[in-house]
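*Asks:* Can you keep this structure in mind? I'll have questions shortly.
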Amino acid sequence: MVHMSAPVTVIRNCAWAIVRADGEATHSYRQDIDVAFSEEGFLHVGPAYGGQAETEIDGRQVMAMPGLVNIHCHSGDEPIAKGLFEDVGTAALWGNALYEYSALVDSDADAKAACQIVMLADLMRSGVTTHLDIAGVHPHWLPLAAQSGMRAWLAPGFREAAWRMEGSHRLDFTWDKVRGRERYQQALAFVDEARAHPSGRIDGVIAPSQIETCSEELLREAAAEARSRGYRITIHGAQTMAEHEELLRRSGETAPQMMERLGLLGPDLIIGHCIFLDHHSWTRQRTRDDLGRLARSGATVAHCPVTFARSGMTLQTLGGYRRAGVNVGLGTDSYPFNMLEEMREALICSRVTAGSVFDIDTGTLFDIATTGGARALGRDDIGRITVGAKADLVLVDLSVPTMQPVYDPLRNLIHCAADRAVRDVFVDGRAIVRDGKVMTLDVEGAIRQLQDAQKRACRAAEQADPQRRSLKRLAPLSLPLCSP
Ligand SMILES: [Zn+2]
C-alpha cells in the first residue's frame with residue numbers, strides 16, 4: 001500500500017502550550033515547545049521538532065490549547081431569538097421564559113441555514129472545535145456541519161408532547177404520539193446518514209427532546225435502540241422547576257430518579273441541564289441522592305450557565321457536581337454561542353452560588369470544557385494536545401491588549417480576553433478560523449438574512465400566542481422608543 005504522508009504544520013517556539021499526555025490526570029502548561037500536526041493528528045509535542053513541515057507558524061506570541069468541546073447547543077431557532085425575551089419570564093413558573101415566550105419563536109425553513117451558520121461561526125470564533133447540536137432535521141443541516149470543518153454530533157430532537165400555555169400561570173401538554181413516532185423514525189434514519197458521512201468528523205445522537213415530553217415507553221425504547229446501534233443519547237432533564245413539579249405530579253420522582261427507573265442512566269447519556277436535583281434549594285426535597293445517582297451511572301451533565309443565569313437561576317454548584325464525581329461538560333445552549341464567555345460565567349455562577357472562591361478553579365473549568373465533554377462523547381482523542389490525538393487546536397494571540405500582561409495565559413483568556421484573543425482554530429489539522437475570521441462558511445451572507453428571518457419569526461410568534469398578544473406586549477423594548 002502506498003502511503004502519501006499528509007502535509008505537516010509546525011508551530012515553532014510556542015510560548016505556552018496546554019498539554020495532556022496519556023494517563024495524566026490534568027492538563028499542564030509547557031513553555032517554548034514545538035507542536036507539529038497534520039490531518040492525521042498531533043505528531044510532535046515537545047522541544048525541537050526535527051521532521052519536515054510544509055507550513056511553519058511562529059509561536060513566540062502564541063498559546064496553543066486544545067479545541068473546546070461544546071456538548072449542548074441549538075442551531076434551529078436560538079440565533080433569531082436574540083434580543084426578544086431577556087427581560088421577561090413567567091412568574092408562576094419560577095420566572096422561566098421558556099414555555100410562554102421562547103417556545104413561540106421558531107425559524108422557518110428559509111432561515112434554518114442562516115441560523116446554523118451564525119451559530120457555527122460564533123462557536124468557532126470562540127475556540128470550539130467539537131459541537132453537539134440538538135435541532136430539527138432540515139436539508140442544510142448535515143451539509144453545513146460538514147462544510148464548517150468542525151467536528152459535529154448532530155442530535156435530531158423528537159417528542160410526543162408539545163408545551164401549551166393558555167394563560168400565564170399553568171404549563172399543559174398536547175400529546176400527539178403518532179407525530180412523535182414519525183419524528184423518532186426520521187431521527188433514526190438521520191443518525192445513520194450522519195455517521196456514514198465520508199468526512200469522519202460527524203456522528204449522530206439519539207435525542208428524545210425533554211424528559212417530560214416523551215412517554216416512558218418511548219424513552220425506554222429510544223435508549224435501547226441507541227445502545228444497540230452504539231449511539232450516544234441526549235435529553236433535557238431537571239432543566240426547570242416547572243418540569244420538576246410536573247414529574248413529581250406524574251410519578252413522585254426527580255428527573256434522575258425517573259431516568260434511573262427507565263434505564264436511561266449510563267455513561268453514554270448526556271443530560272442538559274440537570275439543575276433542579278434533590279439537593280437544589282428550590283426543589284425542597286428531603287433526599288440528597290441525585291448527584292450520587294448520576295455519579296454512579298457515569299452519565300454526563302451538559303452545563304450551560306449563561307441562558308439560565310439570564311433568568312436568575314443556576315445549578316448548585318458546579319464545583320459540588322465535580323466533587324460528587326459527576327462527569328460534567330459545557331455547552332452554550334443559546335446565543336451568544338460564545339464558549340469562552342460561557343466558561344467565565346460557569347466559574348462566576350458557581351462561586352457566587354457557593355459563596356466561595358474555593359468552589360471551582362480555572363484549571364478544573366478548563367478540564368470540564370475539554371476532556372469533560374470529550375468523555376461524554378466517548379472520545380479520548382479530542383479535547384487534549386498530545387501525540388496521537390486529533391489535531392483540534394486553538395492558537396491564542398498573547399499580544400492582544402486584553403491578554404497583556406501575561407502571567408497565566410489561561411486565566412487571561414477566560415477572565416478577560418475571551419474570543420478577542422482567538423486567532424486561529426484547526427480541526428483535523430486544517431484551519432477553519434484564521435486571524436479571527438471563519439474560513440469555511442459565508443457568515444456575512446447569513447447575517448444579512450437574519451434580520452428578515454427574525455421579522456418573520458416575530459409575526460409567527462404573535463400568531464402562535466394563545467393570548468394573541470402583540471410583539472410589543474410579548475417582548476417590550478428595554479427602553480421606551482420615542483419619536484425623533
Ligand atoms: Zn437545550
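*Asks:* Distance from the Cα centre of the stretch 377-414 to that of the stretch 59-75, in angstrom?
*Replies:* 6 Å
*Asks:* Which net charge results for the neighbourhood of R20, defined as the other residues with beta-carbon distances under 11 angstrom from its beta-carbon, given Lys and Arg at +1 and Asp and Glu at -1? Please report the intermediate quantities before stating the final value.
*Replies:* Numbers: positive: R30, R384; negative: D22, E24, D367, D380.
Net charge in that neighbourhood comes out at -2.
*Asks:* What order, most packed first, do the peptides 163-173, 256-266 have when packing is the mean number of other Cβ atoms within 10 Å of each residue?
*Replies:* 256-266, 163-173
*Asks:* Over the alpha-carbon set of the stretch 55-159, divide Rg by the Kirkwood Rh and report the Rg/Rh ratio to two decimals.
*Replies:* 1.07
*Asks:* Right, something else. Using packing as a proxy for protection, rank 411-422, 42-53, 300-311 so that the peptide with the highest average count of other Cβ atoms within 10 Å comes first.
*Replies:* Highest-to-lowest ranking by the protection proxy: 300-311, 411-422, 42-53.
*Asks:* For K390, give me every one of the lysines with a C-alpha distance below 26 angstrom, ignoring sequence neighbours fewer than eight places off in its own chain.
*Replies:* The qualifying lysines are K437.
*Asks:* Distance from the Cα centre of the stretch 216-240 to that of the stretch 159-173, in angstrom?
*Replies:* After rounding, the separation between the Cα centres reads 22 Å.
*Asks:* To continue, here is another question. Mind grabbing the base-10 log of I(q)/I(0) for the chain at q = 0.06, 0.07 Å⁻¹? Debye formula, identical points on the C-alpha positions, no solvent, two decimal places.
*Replies:* For the chain, the Cα-only Debye profile gives -0.26, -0.36.
*Asks:* If R0 is 45 Å, what FRET efficiency do you get for L248 and D442 from their C-beta distance, rounded to 0.05? List each step's numbers first, then the result.
*Replies:* Numbers: r = 48 Å, r/R0 = 1.06.
E between L248 and D442, to the nearest 0.05, is 0.40.
*Asks:* Suppose R0 equals 25 Å. What FRET efficiency, 1/(1 + (r/R0)^6) with r the Cβ-Cβ distance, do R434 and H140 give to the nearest 0.05?
*Replies:* E(calc), rounded to 0.05, equals 0.55.
*Asks:* What is the helix-to-structure angle for 241-251, meaning the angle in degrees between its Cα long axis and the longest Cα principal axis of the chain, kept from 0 to 90 and rounded to the nearest 10?
*Replies:* Value to nearest ten degrees: 60.
*Asks:* Now for a different question. With +1 assigned to the C-beta of every Lys and Arg and -1 to the C-beta of every Asp and Glu, and no other charges, what is the dipole magnitude of the stretch 68-376 about the Cα centre in debye, to the nearest 20? Show your work: numbers first, answer last.
*Replies:* On the way: 31 positive and 39 negative charges, 160 e Å.
Once rounded to the nearest 20, the dipole reads 760 debye.
*Asks:* I've got another one for you. What ranking do 231-242, 212-223 get when scored by the average of other Cβ atoms within 10 Å per residue, highest first?
*Replies:* 231-242, 212-223
*Asks:* Per DSSP H run of n ≥ 4, the term is -39500 (n - 2.57); total these for the chain, divide by its residue number, and report the mean residue ellipticity at 222 nm rounded to 500 deg cm²/dmol. Don't skip to the answer; put the middle values down first.
*Replies:* Values: 15 runs with 148 residues, N = 484.
Calculated from helices alone, the mean residue ellipticity at 222 nm is -9000 deg cm²/dmol.
*Asks:* To test your reading of the geometry: what angle, between 0 and 90 degrees and rounded to tens, separates the Cα axis of helix 339-354 from the longest principal axis of the chain?
*Replies:* Once rounded, one gets 60 degrees.
*Asks:* I would also like to ask the following. How far, in nm, would the chain grow between H169 and A6 when pulled straight, counting 0.36 nm per residue and subtracting the alpha carbon separation?
*Replies:* Values: separation 163, 0.36 × 163 = 58.68 nm, distance 6.05 nm.
Taking 0.36 nm per residue and subtracting the Cα distance, the gain is 52.6 nm.
Values in this text are rule-based calculations from the coordinates and carry no lab data. The structure presented is a predicted model; accordingly, all values stated were derived computationally and were not measured. All Cβ positions, glycine included, derive from the backbone under ideal geometry; neighbour counts span all protein chains shown.
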